[in-house]
Amino acid sequence: MTKVTFTLGGLLSARSVTSDTIVELSQKYNNVWAITADTGSSLKQFKKEFPERYIDVGVAEQNGAGIAAG
C-alpha cells in the first residue's frame with residue numbers, strides 16, 4: 001500500500017484531500033485515471049497535470065461506470 005501524505009491543520013475538505021491524493025498517486029503510477037460526472041472542478045490540478053488521463057462524462061454517470069469497467 002502506498003502512503004499518501006498531506007498536512008493536517010486548518011480545515012480540510014473531502015474534495016481537496018481526494019484531489020491531492022489522486023494527483024500524488026498519479027505521479028507515481030501511470031494507471032491512475034480520473035473519470036468524473038460533471039464534478040471535475042475539484043480535479044483541476046489532476047486535469048492540468050494529466051489531461052490524457054482525465055475523462056468528464058458530463059451528466060451521464062452510467063457512461064462513466066461503463067468506461068471504468070472497460
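Descriptive notes on the structure:
- Counting protein heavy atoms only, the chain has 56 percent of its accessible area on carbon and sulfur, 1.4 angstrom probe.
- In the chain, the calculated helix contribution to ellipticity at 222 nm averages -12500 deg cm²/dmol per residue, counting -39,500 (n - 2.57) for every DSSP H run with n ≥ 4.
- Straight-line reach from K28: taking Cα to Cα under 14 Å and skipping same-chain neighbours fewer than 8 places apart, the aspartates and glutamates in range are D20, E49.
- Between the helical axis of 14-28 and the longest alpha-carbon principal axis of the chain there is an angle of about 80 degrees.
The values are calculated or read from the model by the stated rules, or taken from the named source; none is laboratory data. Model, not experiment: these values are computed from the prediction. Keep in mind that these areas ignore ligands, DNA and RNA; they rest on the heavy atoms of the full protein, side chains included. Shrake-Rupley method; radii C 1.70, N 1.55, O 1.52, S 1.80 Å.
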